[in-house]
1. Between residue 186 and residue 126, what length in nm is gained on full extension when 0.36 nm per residue of separation is reduced by their alpha carbon distance?
2. Could you line up 167, 245, 193, 279 from fewest to most neighbouring Cβ atoms inside 10 Å?
3. Starting from the Cα gyration tensor of region 181-294, multiply each eigenvalue by 5, take the square root, and state the resulting semi-axes largest first in whole Å.
4. Arrange 183, 286 by Cβ neighbour counts within 10 Å, fewest through most, would you?
5. Post the alpha-carbon centroid distance, region 162-222 to region 225-288, in whole angstrom.
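All of the numbers you see were taken from the coordinates with simple rules; none came from a lab. This is a predicted model, so every value here is computed, not measured. A quick note on method: Cβ atoms are made from the backbone with ideal geometry, for glycine too, and the neighbour counts reach across all protein chains shown.
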């Protein structure tokens with residue numbers, strides 16, 4: 001197709017020759033992400049901070065000002081009212097519940113129901129205690145770390161430890177920059193958001209493995225080619241595949257971002273922006289960092305259980 005001819009044509013860009021500039025750019029993104037997380041923190045949803053989430057549907061349009069005044073008399077803090085849809089008859093109520101135990105939290109929910117009344121349909125009622133929220137924070141962080149380490153271990157077995165280090169650095173950069181974006185834009189950090197981050201890690205490893213496979217093939221094919229040139233050639237050979245994969249994924253994620261509604265907004269946001277970050281790290285972090293090592297010393301005769309699969 002002529003539309004994608006500029007992608008599918010053979011290229012010979014000097015990516016590795018500009019590696020210092022990309023190292024600096026990566027460092028800037030990482031430090032900016034760390035700074036945003038340290039200064040602004042995350043806008044934790046009730047999954048992590050503890051609180052109440054109630055979705056209701058009434059027959060008439062809700063008066064948000066009146067309802068907000070009534071809810072201020074309950075034990076809940078930082079009550080947020082958000083209309084769902086365009087009719088104004090559907091409403092989402094979110095509130096923090098710091099310092100409330102499970103029994104007090106249940107009492108607060110009952111107070112909210114008394115304020116709203118029984119003339120509405122309760123579509124969703126969720127409550128999470130602060131202790132449960134803290135546990136989810138720890139488990140979420142552990143899940144992300146285990147995912148990165150497990151995928152790095154897989155790359156170690158399939159290739160070599162040098163490739164595993166490149167994978168670990170690339171995936172860590174992906175996760176950190178994604179978290180920095182969420183912090184900077186003050187987006188809701190919930191279990192759905194965590195799922196999107198883990199999805200990003202799973203997506204990002206695909207590009208890295210494919211690029212690594214081409215580098216390993218060229219190591220065997222071009223015995224006398226300079227390592228720096230070999231890595232650059234491998235990146236160029238896989239560039240069309242990497243870009244087409246990213247564009248196709250972006251098409252789906254952008255569609256979700258536009259038409260997916262409020263429930264999928266953060267998820268699709270993370271996937272949309274982090275497909276770009278993952279593609280960047282595959283080329284300019286995980287692949288380029290291999291030039292630090294002497295790949296010619298890789299023991300090609302060792303038994304590799306994934307060799308036949310690859």
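1. Once the chain is fully extended between residue 186 and residue 126, it gains 19.4 nm.
2. With the sparsest Cβ surroundings first, the list reads 245, 279, 193, 167.
3. Taking √(5λ) for each eigenvalue gives 34, 14, 10 Å, largest first.
4. 183, 286
5. Using only Cα atoms, the two centres lie 9 Å from each other.
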